[in-house]
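For reference, the structure discussed in these notes is given below.
All of the numbers you see were taken from the coordinates with simple rules; none came from a lab. All values derive from a computational prediction rather than experimental measurement. Cβ placement follows ideal geometry from the backbone for every residue including glycine, while neighbour counts extend to all protein chains displayed.
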């Protein structure tokens, strides 16, 4: 049997909420965004991370060049390997 959600909690994000988050990220603080869409600051930060949206304007999520797993990186990074693929690459090429 599923555990009931706490009353008053929101779980499903609407397209409008996601749009506001994406458009305001990096311009407004997570606290201000949370007030705009009536969500907790923690919810804003978690959703931003899952979407690969940088709240500070300095990070983004891009796919690993080998396996496609999303990796959070500095905004100026254009390609990267996830930790698993990096470890494999380094062991194959004897990079320490």
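Quick look at the values:
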item	result
Convex hull of Cα atoms in the stretch 14-53, direction-averaged projection (nm²)	2.3 nm²
Residue order, fewest to most surrounding Cβ atoms within 10 angstrom, among 19, 34	19, 34
Reciprocal mean inverse distance between Cα atoms of the chain - Kirkwood radius, Å	15.5 Å
